[in-house]
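The values are calculated or read from the model by the stated rules, or taken from the named source; none is laboratory data. All values reported here derive from a predicted model rather than from experimental measurement. Ideal geometry is used to build each Cβ from the backbone, glycine not excepted, and the neighbour counts take in all protein chains shown.
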Amino acid sequence: MAAVQAGGDRQYLHERIRSHSLAASARIKEGARDNDLIGRLVRDAAFPQLDFAAVLEPHHYVGRAPDQVREFIAQEVEPIRRRYPNLRARAREVDV
């Protein structure tokens, strides 16, 4: 969307992203350890005015999640911690 807002054609840019995405995916399937999609897009002349560093800032895409986590901790976790203060000192290991 940022590239379209910078004046690019939505359909053309979508096709460029799709093309690079497929190429990056094929490269990974062939054994590459890294995903070079962003590098491909940065080097693509179709995106000359796009500030990738700004576009890729995670805080643009998380919405209220940080606030919701803080609220959950304050409302749900902290009362439990206060109720069982002796359990905080115990070390626990979680296997997922």
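Check region 70-78 and report whether any residue there is under 18 Å from the mean Cα position of the chain (by Cα) and within 30 Å of Ala2 (Cβ to Cβ). Spell out how you get there, then give the answer.
Start the filter on region 70-78 by keeping residues that are under 18 Å from the mean Cα position of the chain (by Cα), which leaves none.
No, region 70-78 has no match at all.
Would region 26-37 turn up any residue that is within 16 Å of the chain's Cα centre (by Cα), closer than 17 Å to Ala2 by Cβ and at pLDDT 95 or above?
Within region 26-37, one or more residues are within 16 Å of the chain's Cα centre (by Cα), closer than 17 Å to Ala2 by Cβ and at pLDDT 95 or above.
For region 31-96, please list each of the helices (runs of 4 or more DSSP H) lying entirely inside it that holds at least 3 residues being of a type in the set (A, V, I, L, M) and at negative phi.
37-43, 52-55
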